[in-house]
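Asker: Sharing a structure with you now.
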Amino acid sequence: TFLETGARGIGKSEIACGAVGAYLMYRIMCMQNPLEFYKLKPTEKICFAFMNIKLALAEEIAVSKFQKTIQMSPWFMSRGSMTQRNNQPYWVPPEPISIIIGSQSDDVIGKPIYFAFFDEISFIKNQDIDKQKKKAQDMIDTAIGGMLTRFVYNGKNPTVLDIASSKRSEQSFLEEYIRTLSQTEGHSTLVVDKPIWEVKPKGTYS
């Protein structure tokens with residue numbers, strides 16, 4: 001699990017979509033037979049999920065940044081195929097890789113999720129904070145279920161769950177999720193929590 005929090009504008013979604021997700025897809029595409037390697041059935045897909053509070057935001061932020069990164073790479077562009085999505089050029093990965101774009105737990109249920117990015121998970125619009133947290137937890141749990149039931153082999157889990165959100169309050173979902181994980185033994189989690197002045201280049205601020 002990779003948890004990204006902190007100030008807005010420090011590059012959380014850029015790291016997730018332009019670096020982590022793209023690198024993991026590159027590794028899968030370098031394999032001769034990824035389904036056989038991960039002990040999956042020939043009918044399965046290896047899914048990369050880009051999730052947000054709204055479908056339009058998943059398109060605009062996560063997929064847009066991922067697509068722009070991919071389309072700047074001659075290596076990726078020589079593989080896969082091009083189509084149109086929302087009147088924009090859209091790169092489609094080769095089989096057996098599939099890209100999921102969604103905003104509900106139903107979008108990832110029953111899918112073999114290899115990489116999942118949840119963007120601005122603490123900003124799900126709902127006046128009831130308990131319902132907000134339940135929706136966030138349901139989406140994450142569903143994705144984790146697709147990771148654990150398909151990819152764990154000999155006790156090893158190669159999948160990556162990336163959750164990002166700007167700081168909202170100490171009671172927001174991601175802040176509580178981080179505190180819960182810190183008290184859990186055996187978890188494999190990297191937490192990145194930086195103020196913007198530590199991330200921006202020198203000379204940005206006086």
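Asker: Would you tell me the accessible area of LYS68, worked out with a 1.4 angstrom probe on the heavy atoms of the protein chains, in Å² to the nearest 10?
Answerer: Counting only protein heavy atoms, LYS68 exposes about 130 Å² to solvent.
Asker: In what sequence, highest mean first, do 48-57, 133-142, 194-203 appear when ranked by Cβ atoms within 10 angstrom? Walk me through the numbers before you get to the answer.
Answerer: On the way: 48-57: 21.1, 133-142: 18.5, 194-203: 10.4.
So the peptides 48-57, 133-142, 194-203, ranked by packing, come out 48-57, 133-142, 194-203.
Asker: Filter LYS133/LYS200; LYS111/LYS156; LYS65/LYS194 down to the pairs with a C-alpha to C-alpha distance above 23 Å, please. Mind dumping the intermediate values first?
Answerer: Working: LYS133/LYS200 31 Å; LYS111/LYS156 19 Å; LYS65/LYS194 21 Å.
Exceeds cut-off: LYS133/LYS200.
Asker: A follow-up question, please. With all protein chains present, calculate the accessible area of LEU40 using a 1.4 Å probe and round the result to the nearest 10 Å².
Answerer: Probe radius 1.4 Å; accessible area of LEU40 about 20 Å².
Asker: Each residue of segment 48-53 in order: what ³J(HN,Hα) in whole Hz does its phi give by Karplus 6.51 cos²θ - 1.76 cosθ + 1.60, θ = phi - 60°, with x for Gly and Pro?
Answerer: After applying 6.51 cos²θ - 1.76 cosθ + 1.60, I find 10, 10, 10, 10, 8, 5 Hz.
Asker: In 5 Å bins starting at zero, report the fraction of Cα pairs in segment 24-66 per bin as a rounded %.
Answerer: In whole percents, the pair-distance histogram is 5, 19, 20, 17, 13, 15, 11, 0.
Asker: How would you classify segment 33-119 from its alpha-carbon gyration tensor, with a ≥ b ≥ c the square roots of the eigenvalues: rounded for a/c under 1.5, else prolate if a/b is greater than b/c, otherwise oblate? Write down the numbers at each step before the final one.
Answerer: Working: a/c = 2.15, a/b = 1.11, b/c = 1.93.
Cα axes put segment 33-119 in the oblate bin.
Asker: Then there's this: Can you work out the Karplus-derived ³J(HN,Hα) for every residue in segment 13-18? Use 6.51 cos²θ - 1.76 cosθ + 1.60 with θ = phi - 60°, whole Hz, and x for glycine or proline.
Answerer: 6, 5, 5, 5, 8, x
The values are calculated or read from the model by the stated rules, or taken from the named source; none is laboratory data. Please read all numbers here as calculations on a predicted model, not as lab measurements. Quick reminder, even Gly has a Cβ in these numbers, built from the backbone with ideal geometry, and neighbours come from all protein chains shown. Calculation scope for accessible area: heavy atoms of the full protein, side chains included, ligands and nucleic acids excluded. Shrake-Rupley method; radii C 1.70, N 1.55, O 1.52, S 1.80 Å.
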